[in-house]
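Only one structure is covered here, and it is reproduced in the block below.
The values are calculated or read from the model by the stated rules, or taken from the named source; none is laboratory data. In this text the structure is predicted, and so the values were computed from the model without any measurement. Reconstructed Cβ throughout: ideal geometry from the backbone, glycine too, with neighbour counts over all protein chains shown.
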């Protein structure tokens, strides 16, 4: 299965808030909800915009929340390409007339005048050589080639980065539905996108206030990465979300939303 096919008509009509924007050959799904200063929400690998449902419910009274399915993820078309994410985000912002940790940093670096503050949630290590040690992409490509996308999905659903600590059944169902929409297009592509650039290049030019978040039960490697990022960004704030793993916005949305509200209200007007 690849990400080239357009979403089915039934999928496109699945939610009344869904909108679509064509950008350089890809039809991108996005949602624009709430009122107030604009906040752009960017999802991580294998996920999509619906991971932010708890934040939209909790923060739309104060902020305008814009989120999209990155190219080739969720219901967006095209082949996933990390080097295109920043351009897609800029195109969406131009379209709306408003303002993944790496994608967010790329966007912040390319359009610094549009960024008043940035939240980095469970980011990988800033050094490119160490950034993907938690996610063995070569093995996953081989697994899909030999056993198919469903075999990969089962394996990935057991990975520590996708484990939820909440007992809320609706949240577990939400994450399961998101992972089911992941097509594996980036892993199946005969011409995978080039390795991600070293995040230190982006960090060197970042002047906006930053908040680095982790769940307290996140992987040790991600907690160490946050500490390293804090050293590279001396003005950054760090916070841990109690009773949460790598997806703290889903595990403990009330605490997550409270931290984001306090931080954004201070810098985003």
When residues of region 210-246 are limited to those that are out of contact with any helix residue (DSSP H, G or I) (no Cβ under 9 Å at 6 or more places or on another chain) and closer than 24 Å to residue 267 by Cα, the one surrounded by the fewest Cβ atoms within 10 Å (Cβ to Cβ): 234
Against the definition (surrounded by fewer than 21 Cβ atoms within 10 Å (Cβ to Cβ), within 24 Å of residue 251 (Cα to Cα) and modelled with pLDDT of 95 or more), how does residue 62 come out, yes or no? yes
Flag for residue 250 being under 16 Å from residue 41 (Cβ atoms), in contact with a helix residue (DSSP H, G or I) (Cβ under 9 Å, 6 or more places away or on another chain) and crowded, with 19+ Cβ neighbours inside 10 Å: yes
Condition set part of a helix (DSSP H, G or I) and farther than 15 Å from residue 21 by Cα, scope region 87-105, selection modelled with the highest pLDDT: answer is 104
Of the conditions (1) at pLDDT below 90; (2) under 20 Å from residue 208 (Cα atoms); (3) touching a strand residue (DSSP E or B) at 6+ places or on another chain (Cβ under 6 Å), residue 124 clears all except one; give me its number. (3)
